Amino acid sequence: VIVTRGNNVYGPHQYPEKAIPKFILRLLRGLPCCVHGAGEALRNYMHVSDVVTAFDTILHHGQGFQDYNIGTHFEISMLDVARQLVALVLPRADVDDMVEHVPDRMLNDMRYSMDNSKLCALGWKPKKKICKDKWTVCEEI
């Protein structure tokens with residue numbers, strides 16, 4: 001038995017209830033992104049292809065009866081996610097008009113940080129990261 005923990009994956013075929021596809025679908029319908037509170041909550045996002053290589057690494061190099069956190073250190077606020085997606089999906093729109101602040105969720109975590117050092121010790125590292133200046137996937141150097 002090996003336990004893995006991960007969070008905030010993005011990429012093709014993601015469930016539409018999750019923040020990134022939800023924001024994109026709302027924008028395509030002409031609706032604003034609904035950001036909880038001030039949007040200052042930080043999230044670590046990782047591309048699905050990096051999750052796949054992490055599982056493969058753990059399967060072939062991990063040890064039984066261990067747990068591994070699958071995550072990155074690329075943090076971005078939910079407000080920045082929304083703003084960058086607005087700029088990408090609706091480049092002519094006023095970003096502030098397409099971001100709606102709604103009441104924060106009760107007990108909403110401000111940060112979901114994970115220590116991935118155990119996974120990295122197996123030789124894994126993420127290949128893709130989110131550029132801070134705009135919502136694009138940049139190859140890791």
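The figures follow:
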{"item": "Loop-located GluC sites (Glu not before Pro) in the range 1-89, at most 15 other Cβ atoms within 10 Å (DSSP)", "result": "Glu17, Glu40"}
{"item": "Rounded to 10°, Cα long-axis angle of helix 48-61 versus longest principal axis of the chain", "result": "10"}
{"item": "Solvent-accessible heavy-atom area per residue, rounded to whole Å², over the range 12-141 at 1.4 Å", "result": "62"}
{"item": "Portion, in percent, of the accessible area of the chain that falls on carbon or sulfur, probe 1.4 Å", "result": "56"}
{"item": "Interchain or long-range residues, amide H under 5 Å from Val99's placed H", "result": "Cys33"}
{"item": "Angle in degrees between helix 78-89 and the longest Cα principal axis of the chain, rounded to the nearest 10", "result": "70"}
{"item": "For the chain, the longest site-free run once chymotrypsin sites (Phe, Trp or Tyr not before Pro) in DSSP loop states with at most 15 other Cβ atoms within 10 Å are removed", "result": "1-64"}
{"item": "Candidate values (1) 17.2; (2) 16.2; (3) 15.6, label of the one derived for Kirkwood radius over Cα pairs in Å", "result": "(2)"}
{"item": "Relative contact order [Cα under 8 Å, 6+ residues apart], the chain, whole percent", "result": "33"}
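The values are calculated or read from the model by the stated rules, or taken from the named source; none is laboratory data. Just so it is clear, the model here is predicted, and its values are computed rather than measured. Using ideal geometry, Cβ is built from the backbone for each residue, glycine included, and neighbour counts are taken over all protein chains shown. The accessibility values were calculated without ligands, DNA or RNA, using every heavy atom of the protein model including side chains. Shrake-Rupley method; radii C 1.70, N 1.55, O 1.52, S 1.80 Å.
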